[in-house]
Amino acid sequence: MAILNVYSALVVLFLTCWAAMATKENDQIIKENNCETKMGLPCVLEAFTSIFETGTISNKCCGELVSLGKVCHSGLVKRTLENPLFKNLSPATIIAKRIQTWNNCLALIDSPFLSA
């Protein structure tokens, strides 16, 4: 029984350290790339709504999102998922919506119809 308790404690310690490292890594990526200053608040809200709720993102905000860059986009979404306020959300669903939003915006920005 003592071995099981030690094993459980090690697993908890590992998971805690991994979560702390992930948070530090995301914060470092966000800071190094000045991610928090690259989008205007209205577009941040649109992007947030399209990923964490049910909403759409405008062409203008898609442009800002793509200019933000995939590394920043991913880091900001991951950091938001680490916030206890969002603990009830499914990370798999949010990551899928993050990828979908990114791909839709990228396709829209690359579309020849947008510049016509």
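What to note about this one:
- For segment 48-74, a residue qualifies if it is of a type in the set (A, V, I, L, M, F, W, C) and touching a Cys at 6+ places or on another chain (Cβ under 6 Å), and the qualifying residues are CYS61, CYS62, LEU65, VAL66, CYS72.
- Filtered residues of segment 53-68 (kept if outside any helix (DSSP H, G or I) and closer than 18 Å to LEU41 by Cβ): GLU53, GLY55, THR56, ILE57, SER58
- Residue match in segment 76-94 (condition: in contact with a Leu (Cβ under 6 Å, 6 or more places away or on another chain), closer than 24 Å to GLU25 by Cβ and either not in a helix (DSSP H, G or I) or not β-branched (Val, Ile, Thr) (or both)): yes
- Residues considered: GLU64, GLU82. Of these, the only one that is surrounded by 14 or more Cβ atoms within 10 Å (Cβ to Cβ), touching a residue at least 60 places away in the same chain (Cβ under 8 Å), under 20 Å from GLU32 (Cβ atoms) and in contact with a helix residue (DSSP H, G or I) (Cβ under 6 Å, 6 or more places away or on another chain) is GLU82.
- Residue-level check: of (1) at pLDDT 90 or above; (2) surrounded by 13 or more Cβ atoms within 10 Å (Cβ to Cβ); (3) among the charged types (D, E, K, R), GLU25 misses just (1).
- Subset of segment 102-116 that is surrounded by fewer than 14 Cβ atoms within 10 Å (Cβ to Cβ) and among the hydrophobic types (A, V, I, L, M, F, W, C) - its residue that is modelled with the highest pLDDT: ALA107
- Residues being surrounded by 13 or more Cβ atoms within 10 Å (Cβ to Cβ) and either among the β-branched types (Val, Ile, Thr) or assigned to a helix (DSSP H, G or I) (or both) - total across segment 37-52: 10
The values are calculated or read from the model by the stated rules, or taken from the named source; none is laboratory data. Just so it is clear, the model here is predicted, and its values are computed rather than measured. With ideal geometry, Cβ positions are generated from the backbone for all residues, glycine too; neighbour counts draw on all protein chains shown.
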